[in-house]
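See below for the structure under consideration.
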Amino acid sequence: MSASKNAEGDQARFYWIWPNMMINVYPGDGNVNTIQVIPVDAETSLGIYRDYSLNEKTTIEKEDYFKFVDQVWQEDFELVEKLQKGLNSQAFTNGIFSPTEHAAVYFYELFDKALHD
């Protein structure tokens, strides 16, 4: 799990459930979404995104939340696509991306353990 603070001090929480589920909880009324990642082949994954709310009424705050989440996802898509291209380049050798990416390092440790058990 990790948490990050926005300018108002509210925390967003991010949970990873082995092997392929993320739960994101953002500040506000029912701002929860999940992302399930399903491998399609060695270079392609399918992301299933779901949003959850306490009620069906759409408010201005909820619209702002959807816009924010859509923007983050679009940025993530772009980054992941560039990362995938980089993994196939001659400049890349295997290894962790950054030692500060604790969740990613932990995921790969779980993955390695699953492969070798």
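Looking at Lys113, Lys62, Lys85, which is the one that is at pLDDT 90 or above, part of a helix (DSSP H, G or I) and out of contact with any Leu (no Cβ under 9 Å at 6 or more places or on another chain)? So that I can check it myself, show each step before the final result.
Working: Lys62 fails: at pLDDT 90 or above; Lys85 fails: at pLDDT 90 or above.
When all the criteria are applied, what remains is Lys113.
Given the conditions (1) under 17 Å from Met22 (Cα atoms); (2) among the polar types (S, T, N, Q); (3) outside any helix (DSSP H, G or I), which single one is not true for Gln74?
Single failed check for Gln74: (3).
Just the residues that are over 22 Å from Val80 (Cβ atoms) and hydroxyl-bearing (Ser, Thr, Tyr), please, taken from region 9-64.
Residues satisfying the conditions are Tyr52, Ser53, Thr58, Thr59.
Of all residues in region 88-105, which are assigned to a helix (DSSP H, G or I) and without any contact (Cβ under 8 Å) to a residue 12 or more places away in the chain? First the steps, then the outcome.
To start, the set of residues in region 88-105 that are assigned to a helix (DSSP H, G or I) comprises 102-105.
Ala104, Val105 - these are the residues of region 88-105 that are assigned to a helix (DSSP H, G or I) and without any contact (Cβ under 8 Å) to a residue 12 or more places away in the chain.
The values are calculated or read from the model by the stated rules, or taken from the named source; none is laboratory data. Please read all numbers here as calculations on a predicted model, not as lab measurements. Glycine also receives a Cβ, built like all others from the backbone with ideal geometry; neighbour counts cover every protein chain displayed.
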